[in-house]
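Contents: one structure, followed by commentary.
The values are calculated or read from the model by the stated rules, or taken from the named source; none is laboratory data. All values reported here derive from a predicted model rather than from experimental measurement. Please note: Cβ atoms are built from the backbone with ideal geometry, for glycine as well, and neighbour counts cover all protein chains shown.
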Ligand code: M6R
């Protein structure tokens, strides 16, 4: 989604805003805009909008032309209106006195345009612009600066009360020595500094400047000045705690890798170790959950949905607790019967709108809810009764990688935790868990070159299938998602036994099939499926265990992963498929960290 940043302090705003925008460009990158208010009494707005990247903007903008210590910035993921300069933020009222940057969707913007704002001149196709016009309409003239601050805050409030939809906004007005911010169903944080403050859509935007973070809550409206932060909700002042965020700026940098995605794949072993460490103790597995779930419902989107599907296999296998997995966007509008289930929302960012809606629905039905997320203080954690944190560290690449692996680790832990097995058996299982980082590392160290070679081959095709069975079916789905997302090769994940029920019609020598061939109880069946695929002329790349020489007889190419029990095989298989997607996209010259049309967290339904 869009990224927003605001700065008010004593330093020049422009370099801070550009630096912050670059750090959150993963939220959307089809256009961008900045505004710096000069330090004259009139507070003239200096504005620049562009279809270029923030890096280009940094090179092109002369700091001397945009001087001032208050400013806002925006990096856009288009919802209403094509990527074009006129649609880039900030947006203004008719007189250009009020400016707004926004993340979210104003659902009733058309009705407002045609109704109370029908006499306004709109310059963009966006929904956002109504916020500037409506705020201006609600302003009452006043001469004192103090009176102005109050008027602006009240005008923003009055405007927001007429909006339907979701928003995180920063509003600035000519001559005002602060910024007004508000949120509803879209994340917004305040970074607390020394005689300066920041407002942003997410933490990495401000990490270079401060790790003191205030998370705004639903319905909060804040007036942020260089030495004060005032927050109110429902017309009363509220106090929000400041948290110290453990992430560092190094986490937000590429550390010598060409892309964040590659860096984050190489951090997969560490993500496993950190996640395990957080929950293993002398006493066993300590998830901080009072849980006696007899049925679990998981809701999630995208990669997190595939992790949840894998979690279903793990938990059902280890704990024999039935798990149902639903796509959050479907669940929200279904007649699904929620009874005494424990509902788990799986969301790396903790901000995915569909998943948050699902959590709220579960709460309305009185279910116990748990958020499984990577982001401390994210919205999901504030809605759910409990939170379990994956400890993947900051993930910047749009393609989720190490967060997926860390989600899998949580499901192993949950499975063992719910299994309530005798101590000695649990200890054996925990020793197995402790081998997982090694499995991931072996793939990175020993198979990287071969995967790069296979990627060179795969990159020549326009279509591909990924197949797997059992616990590796979700891994096949994840492999296909990752490939299509960053290399733009059309890829579909299927249960190995399902291709013959329709997709076989698409198999030709130009349709490679990536088959996960873990030697589990379904191995022979998968071999049978691979033979059928080969008989139709499609080339097959197997993901097979070291030492499985038989596989060479059936397939054209092999990627090797270390030997492991079937239930742990998703770890090594995932690392292999993440690398395969990365190197294929690299071979095709794709924008790996900023795949077209996507954004890291999707905060609209
Ligand atoms: O933050 P979440 O885990 O809720 O995000 C859900 C999906 O948008 C996300 O997993 C998406 O599919 C991945 N970025 C794809 O790699």
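When you scan the stretch 19-42, how many residues do you find that are closer than 21 Å to residue 174 by Cα and either surrounded by fewer than 14 Cβ atoms within 10 Å (Cβ to Cβ) or modelled with pLDDT under 90 (or both)? Number of matching residues: 4. Looking only at the stretch 199-224, which residues are buried (at least 23 other Cβ atoms within 10 Å of the Cβ) and over 20 Å from residue 374 (Cβ atoms)? Within the stretch 199-224, 199, 221, 222, 224 qualify.
Is one or more of the residues making up the stretch 165-172 surrounded by fewer than 20 Cβ atoms within 10 Å (Cβ to Cβ), more than 24 Å from residue 355 (Cα to Cα) and modelled with pLDDT of 95 or more? The answer is no, given that none of the residues of the stretch 165-172 is surrounded by fewer than 20 Cβ atoms within 10 Å (Cβ to Cβ), more than 24 Å from residue 355 (Cα to Cα) and modelled with pLDDT of 95 or more. For residue 568, the criteria (1) at pLDDT below 95; (2) buried (at least 20 other Cβ atoms within 10 Å of the Cβ); (3) not in a helix (DSSP H, G or I) hold in every case but one, which is (3). In the stretch 468-494, the qualifying residues are those that are part of a loop (DSSP other than H, G, I, E, B) and within 16 Å of the ligand (Cβ to nearest atom), and the one that is nearest to residue 505 (Cα to Cα) is 489. The conditions of being under 24 Å from residue 399 (Cβ atoms) and either in contact with a helix residue (DSSP H, G or I) (Cβ under 7 Å, 6 or more places away or on another chain) or at pLDDT 90 or above (or both) are met by residue 75. Can you confirm whether the stretch 377-390 contains a residue that is without any contact (Cβ under 8 Å) to a residue 24 or more places away in the chain and away from the ligand (no atom under 13 Å from the Cβ)? Among the residues of the stretch 377-390, at least one is without any contact (Cβ under 8 Å) to a residue 24 or more places away in the chain and away from the ligand (no atom under 13 Å from the Cβ), which makes the answer yes. Candidates in the stretch 283-340 are the residues that are part of a strand (DSSP E or B) and free of Cβ contacts under 8 Å to residues at least 40 places away in the same chain; of these, the one that is nearest to the ligand (Cβ to nearest atom) is 327. Annotation: residue 124 fulfils all but one of (1) in a loop (DSSP other than H, G, I, E, B); (2) out of contact with any helix residue (DSSP H, G or I) (no Cβ under 6 Å at 6 or more places or on another chain); (3) within 27 Å of residue 351 (Cβ to Cβ); the unmet one is (2).
Restricting attention to the stretch 152-164, the residues that are touching a strand residue (DSSP E or B) at 6+ places or on another chain (Cβ under 8 Å) and either under 17 Å from residue 96 (Cα atoms) or buried (at least 24 other Cβ atoms within 10 Å of the Cβ) (or both) add up to 2. Residue count for the stretch 331-354 satisfying the condition of being within 10 Å of residue 300 (Cα to Cα) and modelled with pLDDT under 90: 0. None of 396, 405, 410, 383 is touching a helix residue (DSSP H, G or I) at 6+ places or on another chain (Cβ under 6 Å) and modelled with pLDDT of 95 or more except 405.
Can residue 579 be described as within 16 Å of the ligand (Cβ to nearest atom), assigned to a helix (DSSP H, G or I) and under 27 Å from residue 311 (Cα atoms)? Considered against the rule, which asks whether it is within 16 Å of the ligand (Cβ to nearest atom), assigned to a helix (DSSP H, G or I) and under 27 Å from residue 311 (Cα atoms), residue 579 comes out as yes.
If you go through the stretch 475-495 one residue at a time, do you hit one that is surrounded by 23 or more Cβ atoms within 10 Å (Cβ to Cβ), within 18 Å of residue 540 (Cβ to Cβ) and out of contact with any helix residue (DSSP H, G or I) (no Cβ under 7 Å at 6 or more places or on another chain)? Checking the stretch 475-495: at least one residue is surrounded by 23 or more Cβ atoms within 10 Å (Cβ to Cβ), within 18 Å of residue 540 (Cβ to Cβ) and out of contact with any helix residue (DSSP H, G or I) (no Cβ under 7 Å at 6 or more places or on another chain).
When residues in the stretch 582-605 are screened for being within 14 Å of the ligand (Cβ to nearest atom) and either in a helix (DSSP H, G or I) or touching a strand residue (DSSP E or B) at 6+ places or on another chain (Cβ under 6 Å) (or both), 3 of them pass.
For the stretch 341-351, a residue qualifies if it is touching a strand residue (DSSP E or B) at 6+ places or on another chain (Cβ under 8 Å) and within 13 Å of the ligand (Cβ to nearest atom), and the qualifying residues are 344, 345, 346, 347, 348, 349, 350.
With respect to residue 357, is the statement that it is more than 15 Å from the ligand (Cβ to nearest atom), modelled with pLDDT of 90 or more, assigned by TED's automatic domain parsing to the domain that holds residue 403 and out of contact with any strand residue (DSSP E or B) (no Cβ under 8 Å at 6 or more places or on another chain) true? Spelling it out, it is not the case that residue 357 is more than 15 Å from the ligand (Cβ to nearest atom), modelled with pLDDT of 90 or more, assigned by TED's automatic domain parsing to the domain that holds residue 403 and out of contact with any strand residue (DSSP E or B) (no Cβ under 8 Å at 6 or more places or on another chain). Here 243, 277 are screened, and the one residue that is assigned by TED's automatic domain parsing to the domain that holds residue 179, over 23 Å from residue 358 (Cβ atoms) and not in a loop (DSSP other than H, G, I, E, B) is 243.
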